[in-house]
1. If I ask for residues that are among the aliphatic types (A, V, I, L, M) and either more than 15 Å from the chain's Cα centre (by Cα) or more than 14 Å from ILE270 (Cα to Cα) (or both), which ones from the range 302-312 would you list?
2. Tell me, which helices (runs of 4 or more DSSP H) lie completely within the range 406-496 with 1 or more residues that are at pLDDT 90 or above and hydroxyl-bearing (Ser, Thr, Tyr)?
3. Select from the range 225-235 the residues that are in contact (Cβ under 8 Å) with a residue 40 or more places away in the chain and either crowded, with 20+ Cβ neighbours inside 10 Å or not polar (S, T, N, Q) (or both) and write down the one among them that is nearest to GLY168 (Cα to Cα).
4. How many residues, within the range 81-102, are part of a helix (DSSP H, G or I), within 29 Å of the chain's Cα centre (by Cα) and more than 14 Å from LYS167 (Cβ to Cβ)?
5. Report every pair of residues separated by at least 6 positions or lying on different chains whose Cβ atoms are under 7 Å apart, first residue within the range 239-263 and within 25 Å of ILE315 (Cβ to Cβ) and touching a residue at least 24 places away in the same chain (Cβ under 8 Å), second of a type in the set (Asp, Glu) and in a helix (DSSP H, G or I).
6. Looking at the structure I just gave you, is SER488 closer than 21 Å to GLY369 by Cβ, surrounded by 12 or more Cβ atoms within 10 Å (Cβ to Cβ) and more than 37 Å from the chain's Cα centre (by Cα)?
7. For HIS436, only one of the following conditions fails: (1) touching a residue at least 12 places away in the same chain (Cβ under 8 Å); (2) within 16 Å of LEU373 (Cα to Cα); (3) surrounded by fewer than 21 Cβ atoms within 10 Å (Cβ to Cβ). What is its number?
Amino acid sequence: MVAGIRNDPDLVAKDAADACNLLHGLFDSTTPRPWTETRAMDTPQKFMEPKELPALDSKWLRKSFFRVFPVLSPLLEKLYWDIGEDSDVARLWEAYITSIASPMKMEVKVSIDAMGCVASLFSLLHKIWNTGPKGVGSFQPPNQPPLPQSTSAFLRSFEKLISTAIKGLGLLAFTEKLLCITQDTFVAIATPSQHPKKLRGVTKSPLHHLVLLLGSISPNLEYDERFSQMVYNILLPFCESRTTSKSKLEFLRDLLPLLPPEGTVPRKFIWEILADFATIAADTRDETDINRSISQPLGVDYRDVVKILGVGINISPDQPLSRWKILFRTLATSATIDAGEAGRAIAVVEPLANLFLPTTSRASNPVTGLSYLPILLGKAAYPKDRQALDAANRRIWGAGNAGPKTTTFDPYIQLYDYIKTSLVTGYDSFSKQSHHDYVDVMSSVTNLLSRCPIPSLLNALAKIQSGIASWIVDGGYKLIGGTALSQSVRHQFLDF
């Protein structure tokens, strides 16, 4: 604030440190100290230290956010690079949050005054994020480090601002109330019914606003594992506060629509964090909730995880991401434990296969999913009889939604269409660089057919025959020359 008056950087830094210490003395409500109104006159030869100042009333400080932040925000901006370190400005921010949080211990609900403080914080976060590492703060990182180091320091300070507020104010302040953003400024909304009609901005919970902000591009920010770690650290306490797998998946389901648009850099990083949390939530091997294995239909939970897997497919349509494979295997294992191999077929394999089929929205850019096919087929199994399939349907969807009984116990419809589509499009878009993928697909298809029960085999072959035929007939003469691929086609299909 005094940088425009003083020219000496050392004096400017000292003034900023003095300002932090003065405000810290006023905000520090936890350190007891005696105070007399005549202190300055009693010992005039000794300067009064900031730590001797009487603390401001916590409720008044919280209620006066509109007075405090015009003073506090410039300091946080100008000393931004020090927030992530052990510094005067970091201690100032902690003292402020501790003070405004202290009245909340006696309150059942989050007050509108506390949400006003959160709104002011989010206005600052929004400004900093949209400024980026090269524009924020008047004191640059020492010796102007290259971009990756600057990014690390930028994210460290950004995380410190958020994590200190979350730890001090509690999770409810970020999930139970609403904020409205209009013209880059956040405003607290007391209740949805009291939403001011003149505000035309986006209204969401603070956490959802935060996810949207992190998903937007910050200028000159280097997106790497440090960004992923920050997102993980921010979301972790919210996910851990959900005590059941179902509540964790509901939490992730609400975050999924907030992912950045397709093609943006942050989308993959944030999706991987959600996939990590989903992997933990979907793993029922150590499930302690007895009711889960007895009476609760599990179809909605599986559907939520399949949606997360579907976003992962859109992010990386050519090759499955490592976290995608981990989440898929976890879900398949849990479905088998909960509802047997038939449950895995109807709750995991079939819905995922449907995601690879051409739709109107994907007509111009179809996802063949060739590299995904062997993974799904490796987990595709057949129920031993119709009773097993019916029992799995009841376990997944409940007795009232299990659907009509069928004469066949083949659970696959979409999977056969997926196999046929992949074989046809794989042949049409033939590439010598993908020989290994083609061989894996041929082997996986024949292995599935070898596991298919005899009563269902003819139907399965009829569904996928056009896909197999494209490789056997080889109308485009793409397999000439006795290559390993042509031999594989002959061995896998003609000798089946």
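The values are calculated or read from the model by the stated rules, or taken from the named source; none is laboratory data. Computed from a predicted model, the values in this text were never measured in an experiment. All Cβ positions, glycine included, derive from the backbone under ideal geometry; neighbour counts span all protein chains shown.
1. So the first thing to find is which residues in the range 302-312 are among the aliphatic types (A, V, I, L, M), and the list is 305-306, 308-309, 311.
Of everything in the range 302-312, those that are among the aliphatic types (A, V, I, L, M) and either more than 15 Å from the chain's Cα centre (by Cα) or more than 14 Å from ILE270 (Cα to Cα) (or both) turn out to be VAL305, VAL306.
2. Answer list for the range 406-496: 414-428, 435-451, 454-473.
3. Restricting to residues being in contact (Cβ under 8 Å) with a residue 40 or more places away in the chain and either crowded, with 20+ Cβ neighbours inside 10 Å or not polar (S, T, N, Q) (or both), the top hit is ILE234.
4. The number of residues fulfilling the criteria is 2.
5. SER245/ASP301; LEU249/ASP301; LEU249/ASP304; LEU252/ASP304; ARG253/ASP304
6. Values: closer than 21 Å to GLY369 by Cβ: yes; surrounded by 12 or more Cβ atoms within 10 Å (Cβ to Cβ): yes; more than 37 Å from the chain's Cα centre (by Cα): yes.
Taking the combined requirement at face value, the residue satisfies it.
7. Failed condition: (1).
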